[in-house]
Structure formats: structure tokens, C-alpha cells
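Here is the structure we will look at, set down as C-alpha cells.
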Amino acid sequence: MILTGEKVGLVLEGGAMRGLFTAGVLDVLMQYSLYPDALIGVSAGAAFGCNLKSRQQGRVLRYNKRFCKDPRYCSWRSLLFTGDLFGADFCYRRLPEELDIFDKETFHSSPLDFYMVCTDTRSGEAVYKKCNTVDENTYNWMRASASMPIVSRPVYIGGKSYLDGAISDAIPLKFFESIGFQKNIVVLTQEAAYRKKPQKGMFLIRKFLHKYPAVIQKLQTRHIAYNETLSYVEEQAQKGNVFLIRPDKELPVDRICHDPDLLQAAYDAGKKKAEELLPFLKEFLRK
């Protein structure tokens, strides 16, 4: 990393399979050895972003293309029989431990600090978890960060339950600023024109999440909080405090995608964008 003394943070939005765009960006950063001091990921931003700390270029694309049609990975059958659209045991045990090995040793030895965002189901507030080693508990935090409401079970850790971090803080730039990162790279998975609309299906949300009124309230107002945060990110980018990377247009994938060619296209879009911006990113890091 080419720096002048300021700590550099990397903030990764979620978006499930839209995160393949982020994977393309991260692989370019690894290709040119541009590593931040710390990374914070939300949902897919955490599940895919951990590969930057383990320095496993190409892994996210590889296993997503390999398993995108596997019902154990992501399917309505998995939701019906396990309670999770993305199979918990398959995604957070078999895949990293057996099928496409996650490099724990490199993750542990990397100086990059790794944070994830989850939502406390009781309070509805964001929890920012720092994890610099990998064990079963780390996988549980990662799973919690990516546990979309209704199609995922809450994840219990230490007597508390958690859901998707995007419910409470989808783009945690302000948190990173609050702990000393005044220079940040922010990777979004929506194009510049995107603004979040009010949550659909609130009737079903109230029915399925009736035990978690604080989460329901967050979901009801999430579009307001998200759009305000997005405006703040853009303001900081204009001031030169944030280097913003996002798609030029709507990605060919949504949260769920079983087509390896479309996953490749989303990844290629991220890689191409990062390569286009590479000279400007290096200049941002030198200032």
C-alpha cells in the first residue's frame, strides 16, 4: 500500500450475489498489492471481503460459479428444510473447510483488521465485530452478517441473536470514521442513480418477525437511513475523503443468481471498473 501515514479503510456494501462486483474489485486490489489497514464488510461484503485478508485472489468467483446451481448452497429447498435460503452448514462449514479451503493461516497473519456488521435482533442496532482469527465463532458472525430477514434464521452467539448487518448499517462509513479511518475506499454494488425505495412486503415482515419489533422498525425506515448514508458517502467522495467504486449501470445479477455466466459478468464489471480507476486510486492513496 502506498501511503503517507493516514490509516486507510475499505468499506464493502452487501447485496448477496451483487457482491460478485465487489469480488472483481478486490481481486484487482490483490493483483496490485493494494491492501488497506482495515476492512469492514456488511453481509456479502463480509462473506466475500474476508478473502482479501486471506489473500485468496479468484476464490469468490471460483466457488460461486462452481456451486451456484447446488441446492445446498442457495435454494428454496434449503429454505424449506433448513430455514436458510443460503445453507448454513454448507456455506459456513463444508465450503470453507472442505470444498474450497479458506486460508486461515494467511488470514491470521495478515496485519489487515477485519470487521463485520450484524444487527442485534433485540435492539435493532448495529454491532461491529472485529475478527482477526478464524474459528467456528467467526463463521457464525459472518453468517449473521449475511442472514437476510425472513429467508434466514437469526444466528445465536453468546446468548444474543443477530441478523443481516444491512438492516442497521448498510454502508458503515461513519463507523470507520469514528474509529480513526478518515481516508476510505467505499465499494457499492448499486449504480449512481440508485436510491432505495420503501420496504416491500411489510405485512409478511411483521408476521414472520413479530418477535423482533426493533428489527421491524428498522426495516420500515431502512430506505430513509440508506439514502441518507448514500448522500453522505457521495459528499465525502466529493471532498476527497472517500474513493468511491460502484457499477456504471445496473448489474446483471440480483441477490439470488444461479447462472454462472451472469456471475462472471458481474465479477468482470467489478474488475474492469477497478482497473479503470486504478491510477486515480493510487493517487488517492498517495495524498
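Some values worked out for this structure:
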{"quantity": "Matching residues in the range 177-228 - criterion: being under 21 Å from SER123 (Cα atoms), surrounded by 15 or more Cβ atoms within 10 Å (Cβ to Cβ) and not basic (Lys, Arg)", "calculated": "GLN199, ILE205, LEU209, TYR212, ALA214, VAL215, ILE216, LEU219, ALA225, TYR226"}
{"quantity": "Restricting the range 195-251 to residues that are at pLDDT 95 or above and small (Gly, Ala, Ser), the residue that is nearest to GLY270 (Cα to Cα)", "calculated": "ALA237"}
{"quantity": "Residues satisfying the stated conditions in the range 83-109, i.e. of a type outside the set (D, E, K, R), touching a residue at least 24 places away in the same chain (Cβ under 8 Å) and surrounded by 17 or more Cβ atoms within 10 Å (Cβ to Cβ)", "calculated": "LEU85, PHE86, ALA88, CYS91, TYR92, LEU95, PRO96, PHE102, PHE107"}
{"quantity": "Flag if GLN57 is under 16 Å from GLN264 (Cβ atoms) and either open to solvent by less than 10 Å² (accessible area, probe 1.4 Å) or in contact (Cβ under 8 Å) with a residue 12 or more places away in the chain (or both)", "calculated": "yes"}
{"quantity": "Selected residue (criterion: most open to solvent (accessible area, probe 1.4 Å)) from residues of the range 273-287 that are within 25 Å of ASN64 (Cα to Cα), touching a residue at least 40 places away in the same chain (Cβ under 8 Å) and of a type outside the set (A, V, I, L, M, F, W, C)", "calculated": "GLU275"}
{"quantity": "Which listed residue is touching a Leu at 6+ places or on another chain (Cβ under 7 Å), open to solvent by 10 Å² or more (accessible area, probe 1.4 Å) and closer than 21 Å to VAL253 by Cα, from ARG18, ARG62", "calculated": "ARG18"}
{"quantity": "Odd one out for GLY270 among (1) out of contact with any Pro (no Cβ under 8 Å at 6 or more places or on another chain); (2) in contact (Cβ under 8 Å) with a residue 60 or more places away in the chain", "calculated": "(1)"}
{"quantity": "Qualifying residue in the range 236-258 (condition: among the acidic types (Asp, Glu) and in contact with a Lys or Arg (Cβ under 9 Å, 6 or more places away or on another chain))", "calculated": "yes"}
{"quantity": "Sole exception among (1) within 15 Å of the chain's Cα centre (by Cα); (2) farther than 22 Å from GLY87 by Cα for LYS174, by number", "calculated": "(1)"}
{"quantity": "Flag for GLY41 being more than 24 Å from GLU136 (Cα to Cα), crowded, with 16+ Cβ neighbours inside 10 Å and of a type in the set (Gly, Ala, Ser)", "calculated": "no"}
{"quantity": "Residue within the range 151-172 that is of a type in the set (Gly, Ala, Ser) and free of Cβ contacts under 8 Å to residues at least 40 places away in the same chain present", "calculated": "yes"}
{"quantity": "Residue check for GLU250: within 19 Å of the chain's Cα centre (by Cα) and either in contact (Cβ under 8 Å) with a residue 60 or more places away in the chain or loosely packed, with under 14 Cβ neighbours inside 10 Å (or both)", "calculated": "yes"}
{"quantity": "Which numbered condition ILE256 misses (of (1) open to solvent by less than 50 Å² (accessible area, probe 1.4 Å); (2) touching a strand residue (DSSP E or B) at 6+ places or on another chain (Cβ under 7 Å))", "calculated": "(1)"}
{"quantity": "Answer from LYS271, LYS282 - the residue that is under 13 Å from ASP27 (Cα atoms), modelled with pLDDT of 95 or more and in a helix (DSSP H, G or I)", "calculated": "LYS271"}
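The values are calculated or read from the model by the stated rules, or taken from the named source; none is laboratory data. These figures come from a predicted structure and were not determined experimentally. FYI the Cβ positions are ideal-geometry reconstructions off the backbone, even for glycines, and counts take in every protein chain you see. Quick note on the areas: whole protein, heavy atoms, side chains included, nothing else; ligands and nucleic acids left out. Shrake-Rupley method; radii C 1.70, N 1.55, O 1.52, S 1.80 Å.
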